[in-house]
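Undergrad: Here you go, one structure.
The values are calculated or read from the model by the stated rules, or taken from the named source; none is laboratory data. Note that the coordinates shown come from a computational prediction; the quantities given were computed from them, not determined experimentally. Virtual Cβ from ideal backbone geometry, glycine too; neighbours counted across all protein chains shown. Each accessible area value is taken on the protein alone, full model and side chains, heavy atoms only, with ligands, DNA and RNA left out. Shrake-Rupley method; radii C 1.70, N 1.55, O 1.52, S 1.80 Å.
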Amino acid sequence: MPRHFSLADCEAMGFDLDHTLCRYRLPQSARLIYDSFAQYLVTEKGYDKDLLNITPESLDFCCKGLVFDLEDGNFLKLAEDGTVLRASHGTKSMTSEEILETYGRREWKHFSAVSGMLSRSAKYYLYDNYFDLPGALLCARVVDSLDRHDRQKKYDFWKDMVAAIQHNYKISAFKENCGTYFPEVKNDPDKYLQRCPESVKKWLKQLKNAGKILLLITSSHSDYCRLLCEHILGHDFEEFFDIVITNALKPGFFSHTPNQRPFRTLENDEEQEALLSLDKPGWYSQGNAIHLYELLKKMTGKLDPKVVYFGDSMHSDIFPARHYSNWETVFILEELLGDKVMVPAETESEPLEKKGKYEEHPSEAPYSVSKQWGSFFVDSLPGLGNAEETLVSTWSCKCISTYSTIAIPSLEAIADLPLDYRFTRFSSNNSATAGYYPSPPRALLPNEESVPVK
């Protein structure tokens, strides 16, 4: 594999929408998502009304990369070899002694399934994107509540959480104005959505002008997709893309065969008949990567067009695009904003076209690292007494270097770079931090360049 990666070498560029092209105001959207699930549990399923009361500080519990053990009510942060680094029962952090007593220094029992990115399990749930994360806090608080009232050892509320998610996000919810989530975003999109920076809009136009095929592939439904895109890109947003695919149902879009998941046309946001193949650019629903790739071959006149896909979910975007379709992948990782390295003064004088930029908006709260869960990238193994701490990479961090071509904090971070800019890619031939742009997380640097992990 070549050491470097350049967008200039790609014929097609695919973009996820939520938390990739469309960035959210995280504190506000997290609270809305939490409320939408909690309201359903309390009003429809009879759960404790106290679940409706949360403080902004309690959202500190939300940390990407956590695995929820559905039966035991425990949340786990895993090392790259599957051992448990941190854990909580409900919202209450477990001590090092409790972790060692419960899990030992061995691979967690479901790790082989989780690390294979198996999406469905009655045993665990992986929290890896901002739409899911507030649900982790809610589940933890449900465990706390059940412990107070029932003192049970096994937990059986997950079916109610699934019902809450389906109620708020079902395909008809936007049109019917049902649930809590869609009515709120419709009513006040500025409260929850960040408008796309001009640098990114200009960059998308430059990509098209350079002959690149631009794809929007989102699991959001067409009506919600339109609301988001009109708000962040403008009413002419369709001009940015050659092909728009909504309700893509990722990761199945990449892993399913055409007969399992055919493309469908849309009429007034209603899905129409299944298509036997994809013959021309346009707006479609559902579908599969195999038929899409056949269309890309026709559009480019190449037998093996190179595709790069930008996304924020390892489970739904990055892993399946790389594993099933062998696409290049750019991981959008806002956690890089909370773990930045200070740029040396002499680097600041580099011309803009060489280094790219990330404009921080003063109005936005900076991304903050969870106090309860620590760094997304590394942590120390739990030890007894005065045992010396050993820093290890997290499983989430290992996935990044395994399945991503590069990882960036946002599209804005690369929007001002020349199209032929050569990124150093993640690979076994390069260092573990090589693929992070513009700089690696501070926690992954050698001790003299880093700060201790708390």
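Undergrad: Would you mind working out the accessible area per residue for the chain, using a 1.4 Å probe, and quoting it in Å²?
TA: Values: 20630 Å² over 454 residues.
For the chain, the solvent-accessible area averages 45 Å² per residue.
Undergrad: Please provide three numbers in whole Å: the alpha-carbon extents of the stretch 151-279 along the principal axes, with the largest listed first.
TA: Over the stretch 151-279, Cα extents along the principal axes are 62, 41, 31 Å.
Undergrad: Exactly which GluC sites (Glu not before Pro) in the stretch 1-98 are in a DSSP loop and have at most 14 other Cβ atoms within 10 Å?
TA: Details: sites: Glu11, Glu44, Glu57, Glu71, Glu80, Glu97, Glu98; in loops: Glu11, Glu71, Glu80.
Filter output for the stretch 1-98: Glu71.
Undergrad: Between Cys178 and Glu270, how high is the FRET efficiency from 1/(1 + (r/R0)^6) when r is the Cβ-Cβ distance and R₀ = 22 Å? Nearest 0.05. It would help to have the intermediate numbers written out before the result.
TA: Values: r = 17 Å, r/R0 = 0.77.
Computed FRET efficiency for Cys178 and Glu270: 0.85.
Undergrad: Could you tell me the calculated FRET efficiency between Ser121 and Asp420, based on Cβ-Cβ distance and R0 = 45 angstrom, to the nearest 0.05? If you can, show how the numbers build up before the last one.
TA: On the way: r = 43 Å, r/R0 = 0.96.
Efficiency computed from Cβ-Cβ geometry: 0.55.
Undergrad: Now for a separate question. How much accessible area does Ile54 have with a 1.4 Å probe, in Å² rounded to the nearest 10?
TA: 20 Å²
Undergrad: Per residue of the stretch 274-281, what does 6.51 cos²θ - 1.76 cosθ + 1.60 with θ = phi - 60° give for ³J(HN,Hα)? Whole Hz please, x for Gly and Pro, Karplus curve as stated.
TA: Going residue by residue, I get 6, 9, 6, 7, 10, 9, 8, x Hz, with x marking Gly and Pro.
Undergrad: Please compute the alpha carbon radius of gyration of the chain, then divide it by the globular-protein estimate 2.2 N^0.38 Å. Two decimals is fine.
TA: Numbers: Rg = 22.0 Å, N = 454, 2.2 N^0.38 = 22.5 Å.
Rounded to two decimals, the normalised Rg is 0.98.
Undergrad: Express the carbon and sulfur contribution to the solvent-accessible surface of the stretch 194-277 as a percent, rounded to the nearest whole number, probe 1.4 angstrom.
TA: Values: 1620 of 3690 Å².
Carbon plus sulfur share of accessible area: 44 percent.
Undergrad: All other residues with a Cβ under 12 Å from the Cβ of Lys175 taken together, and with Lys, Arg as +1 and Asp, Glu as -1, what is their net charge?
TA: On the way: positive: Lys170, Lys186, Arg226; negative: Glu176, Asp223, Asp269, Glu270.
In short, -1.
Undergrad: Tell me, what is the FRET efficiency for Thr390 and Glu97 to the nearest 0.05, using R0 = 22 angstrom and their Cβ-Cβ distance as r?
TA: Numbers: r = 17 Å, r/R0 = 0.77.
Using R0 = 22 Å, I get an efficiency of 0.85.
Undergrad: What Kirkwood Rh does the stretch 210-275 have if only Cα atoms enter the pairwise 1/r average? Answer in Å. Working shown, then result.
TA: Numbers: mean 1/r = 0.0771 Å⁻¹.
One over the average 1/r among Cα pairs gives 13.0 Å for the stretch 210-275.
Undergrad: Okay, next question. Using Cα pairs under 8 angstrom and six or more residues apart, how large is the relative contact order of the stretch 26-187, in percent? Write out the running numbers ahead of the final one.
TA: Numbers: 203 pairs, mean separation 50.8, N = 162.
With pairs under 8 Å counted, the relative contact order is 31 percent.
Undergrad: Taking 7 Å along the Cα-to-C-beta vector as the label spot, tell me the Lys153-Asn187 distance in nanometres, rounded to one decimal.
TA: 4.6 nm
Undergrad: Would you mind telling me the share, in percent, of accessible area of the stretch 1-127 contributed by carbon and sulfur at probe 1.4 angstrom?
TA: Values: 2550 of 5330 Å².
Carbon and sulfur: 48 percent of the exposed surface of the stretch 1-127.
Undergrad: Further, regarding this structure: Going through the stretch 86-133, which trypsin sites (Lys or Arg not before Pro) have at most 16 other Cβ atoms within 10 Å and a DSSP loop state?
TA: Numbers: sites: Arg86, Lys92, Arg105, Arg106, Lys109, Arg120, Lys123; in loops: Arg105, Arg106, Lys109, Arg120, Lys123.
Taking the stretch 86-133 and a limit of 16 other Cβ atoms within 10 Å, the loop trypsin sites (Lys or Arg not before Pro) found are Arg105, Arg106, Lys109, Arg120, Lys123.
Undergrad: Let me ask you something else. Can you give me the relative contact order of the chain as a percent, contacts being Cα pairs under 8 Å and 6 or more apart? Working shown, then result.
TA: Details: 801 pairs, mean separation 97.3, N = 454.
It rounds to 21 percent for the chain.
Undergrad: Quick one: P(r) of the stretch 26-187 from all Cα-Cα pairs, 5 Å bins, percents rounded to integers, in order of increasing distance.
TA: It works out to 1, 8, 18, 21, 21, 14, 9, 5, 2, 1, 0, in whole percents.
Undergrad: Return a whole-number percent for the relative contact order of the stretch 397-436, with Cα pairs under 8 Å and 6 or more residues apart as the contact set.
TA: Details: 30 pairs, mean separation 19.9, N = 40.
Once normalised by length, the contact order is 50 percent.
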